[in-house]
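Enquirer: This is the structure I have questions about; it appears just below.
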Amino acid sequence: MDRLTRTLFGSDFEWGVSTAAFQIEGACDADGKGESIWDAFTAKKGKVIGGHKADIACNFYYNFKEDIDLLKKLHIPNFRFSISWTRVLPDGTGKVNQEGINYYNRVIDYCLEQGIEPWLTVYHWDLPQELEQKGGWTNRQIVDWFSNYTEICARSFGDRVKHWMVMNEPSVFSGAGYFFGIHAPGRTGIKNFLPVIHHVVLSMVAGARKLREILPDANIGTTFSCSHIEPASQSKRDIAAAHRADALVNRLFIEPVLGLGYPVNEIPVLSDMQKYILPGDEENMHFDFDFIGLQNYTREIVKYSFLTPYIHARLVKAAQRKVPLTAMGWEVYPRAIYHILKKFDAYPQIKKIIITENGAAFPDDLIDGNVADVQRLDYIRENLQQILAARQEGVNVQGYFVWTLTDNFEWAEGYHPRFGLVHVDFETQQRTIKSSGYWYSDFLKG
Ligand code: NOJ
């Protein structure tokens, strides 16, 4: 294979790193910020490994200049970050907190001064706790709350921000947060999950339409988590189970948005959603996004399971399969991203794909001021090789963002999994660029 170079991807290909407010900012109640569901969730016992909290996290709120300087130093031209809803609207609706707006203005302006393009995610999981008390995503009023919040973001930042993502990984925040209860707000069961799915879809579209109305020239996308799914065997039952799991993991949120409706045939329980779908909703469930952000980390192997409700399918854990693992227990399988790109490129409604997240957590060692994270470096390089292969076969993939710049707060896993190109000592907030960071930088320099 040819040496992997940036030029092979073409000059318009967008390169960057991705982050999220709650995972890096800290300053959990600074300058009028309201409480989010993640502030509330992390305050409860037993929800996050090690009892870790994100009150300080990477201290990005106070030290953002230092981290943006690192981006510049590493030749990373695009920076994806999210807005914390409760900095802007402490109660989710009502009075705007000007200090929150001022903070994001400072971040955006500093990026632009350094020649770095900001890519904004409107919602990366940190719902206002006040809204959760009113039912959160289960309450249909959230469509209005969310559009109002998106409108404030568009009006406040849209004069300088050209790239927008409405939501981050709807299947994860709704599934982990409202079905399994392992993420905030920690609710469980199909009764919560079904209305949430529909309200998230309506909100995603309402938010996107708001952005389009206010910022007609903006580049508007949204992001989906996706995993390449394979059956555990060639038995009919496993193949059918894999098909159902694929509908749940990869199709549930994107297909309605593309105008294809919910995958009810594969997941019959979705027909119970009918009671939440009101007359006229169908017109408000799809949007012509400029790009679709795909976030892929691994593949999943799926087996028929009589005992698993609703989909009769279960994942065969990577640890049982004797394959190389990341610190998240996910299989290292770079070919997955190639399959994912082929799969999503086959939807004629998708205009352009950007890989808005890809990366890996490994147990890094800081030795004499160096982190020789060879596994992460290989992971990124091999994933890029697969993306290039798909692109050379005609897949319209136009960008790649590494998850993530600095080690940060990995939700229910706390600080243990380190995903960064830059190591963080959480006691001292000292940053150390890892080998993978230097490699990415050299690659971007060309
Ligand atoms: C998906 C999420 O968007 C991000 O918040 C998370 O940290 C990474 N993937 C890694 O799990």
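Enquirer: Kindly state which helices (runs of 4 or more DSSP H) lie completely within the stretch 98-200 and contain at least 1 residues that are crowded, with 18+ Cβ neighbours inside 10 Å, of a type in the set (S, T, N, Q) and more than 16 Å from the ligand (Cβ to nearest atom).
Expert: 129-133, 142-157
Enquirer: Related question: Could you please let me know if Lys95 is open to solvent by 10 Å² or more (accessible area, probe 1.4 Å), out of contact with any Phe, Trp or Tyr (no Cβ under 8 Å at 6 or more places or on another chain) and over 16 Å from Gly34 (Cβ atoms)?
Expert: When the stated conditions are applied, Lys95 does not pass them.
Enquirer: Within the stretch 267-287, which residues are within 25 Å of the chain's Cα centre (by Cα) and without any contact (Cβ under 8 Å) to a residue 60 or more places away in the chain?
Expert: Ile267 - this is the single residue of the stretch 267-287 that is within 25 Å of the chain's Cα centre (by Cα) and without any contact (Cβ under 8 Å) to a residue 60 or more places away in the chain.
Enquirer: Still on this structure, please answer the following. Being under 26 Å from Ile49 (Cα atoms) and away from the ligand (no atom under 16 Å from the Cβ) is the filter; apply it to the stretch 316-339 and report the residue that is surrounded by the most Cβ atoms within 10 Å (Cβ to Cβ).
Expert: For the stretch 316-339, the residue satisfying everything is Val316.
Enquirer: Within the stretch 1-51, can you find the residues that are loosely packed, with under 13 Cβ neighbours inside 10 Å, in contact with a Gly (Cβ under 8 Å, 6 or more places away or on another chain) and basic (Lys, Arg)?
Expert: Lys44, Lys45 - these are the residues of the stretch 1-51 that are loosely packed, with under 13 Cβ neighbours inside 10 Å, in contact with a Gly (Cβ under 8 Å, 6 or more places away or on another chain) and basic (Lys, Arg).
Enquirer: Any residue at all in the stretch 206-224 that's hydroxyl-bearing (Ser, Thr, Tyr) and within 19 Å of the chain's Cα centre (by Cα)?
Expert: yes
Enquirer: Residue by residue through the stretch 392-412, note down the ones that are open to solvent by 30 Å² or more (accessible area, probe 1.4 Å) and more than 18 Å from Asn358 (Cα to Cα).
Expert: Those that are open to solvent by 30 Å² or more (accessible area, probe 1.4 Å) and more than 18 Å from Asn358 (Cα to Cα): Gln392, Glu393, Gly394.
Enquirer: Name the pairs whose Cβ atoms lie under 9 Å apart, with the first residue in the stretch 311-323 and on the phi > 0 side of the Ramachandran plot, the second at pLDDT 95 or above and outside any loop (DSSP other than H, G, I, E, B), and 6 or more positions between them or separate chains?
Expert: So the pair list comes out as His312/Arg237; His312/Ala240; His312/Ala241; His312/Arg244; His312/Tyr304.
Enquirer: Search the stretch 146-172 for residues that are under 16 Å from Thr86 (Cβ atoms) and of a type in the set (Phe, Trp, Tyr) and pair each with any residue that is within 16 Å of the ligand (Cβ to nearest atom) and assigned to a helix (DSSP H, G or I) when their beta-carbon atoms are under 8 Å apart and the residues are at least 6 apart or on different chains.
Expert: Taking only residues 6 or more apart or on different chains, the pairs are Tyr149/Trp85.
Enquirer: Any residue that is touching a Leu at 6+ places or on another chain (Cβ under 7 Å), among the aliphatic types (A, V, I, L, M) and within 15 Å of the ligand (Cβ to nearest atom) - is there at least one of those in the stretch 401-417?
Expert: For the stretch 401-417, residues touching a Leu at 6+ places or on another chain (Cβ under 7 Å), among the aliphatic types (A, V, I, L, M) and within 15 Å of the ligand (Cβ to nearest atom): present.
Enquirer: What single numbered condition from (1) part of a loop (DSSP other than H, G, I, E, B); (2) within 16 Å of the ligand (Cβ to nearest atom); (3) touching a Lys or Arg at 6+ places or on another chain (Cβ under 8 Å) fails to hold for Val395?
Expert: Going through the list (1) part of a loop (DSSP other than H, G, I, E, B); (2) within 16 Å of the ligand (Cβ to nearest atom); (3) touching a Lys or Arg at 6+ places or on another chain (Cβ under 8 Å), Val395 breaks only (2).
Enquirer: For the structure I just gave you, tell me whether Tyr297 is open to solvent by 10 Å² or more (accessible area, probe 1.4 Å), of a type outside the set (Gly, Ala, Ser) and within 16 Å of the ligand (Cβ to nearest atom). Quick ask: steps written out before the conclusion?
Expert: Details: open to solvent by 10 Å² or more (accessible area, probe 1.4 Å): yes; of a type outside the set (Gly, Ala, Ser): yes; within 16 Å of the ligand (Cβ to nearest atom): yes.
Yes; evaluated as a whole, the condition is true for this residue.
Yes/no per residue for (1) within 24 Å of the chain's Cα centre (by Cα); (2) among the hydrophobic types (A, V, I, L, M, F, W, C); (3) at pLDDT 95 or above:
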| residue | (1), (2), (3) |
| --- | --- |
| Ile301 | yes, yes, yes |
| Pro309 | no, no, yes |
| Arg314 | yes, no, yes |
| Ala327 | yes, yes, yes |
| Val332 | yes, yes, yes |
| Ala336 | yes, yes, yes |
| Lys342 | yes, no, yes |
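Enquirer: Here's another thing I want to ask about it. I need the helices (runs of 4 or more DSSP H) fully contained in the stretch 30-89, keeping only those with at least 2 residues that are touching a Ser or Thr at 6+ places or on another chain (Cβ under 8 Å) and aromatic (Phe, Trp, Tyr).
Expert: It comes to none.
Enquirer: If you don't mind, another one. Among the residues of the stretch 366-376, is there at least one that is modelled with pLDDT of 95 or more, open to solvent by 10 Å² or more (accessible area, probe 1.4 Å), part of a helix (DSSP H, G or I) and within 16 Å of the ligand (Cβ to nearest atom)?
Expert: yes
Okay, residues lined up against (1) assigned to a helix (DSSP H, G or I); (2) open to solvent by 70 Å² or more (accessible area, probe 1.4 Å); (3) within 16 Å of the ligand (Cβ to nearest atom):
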| position | (1), (2), (3) |
| --- | --- |
| Leu270 | yes, no, no |
| Lys275 | yes, yes, no |
| Leu278 | no, yes, no |
| Phe289 | no, no, no |
| Leu307 | no, yes, no |
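The values are calculated or read from the model by the stated rules, or taken from the named source; none is laboratory data. These figures come from a predicted structure and were not determined experimentally. Counting neighbours? That spans all protein chains shown, and the Cβs are built from the backbone with ideal geometry, glycine included. Heads up: the accessible areas ignore ligands, DNA and RNA and are worked out on the full protein's heavy atoms, side chains in. Shrake-Rupley method; radii C 1.70, N 1.55, O 1.52, S 1.80 Å.
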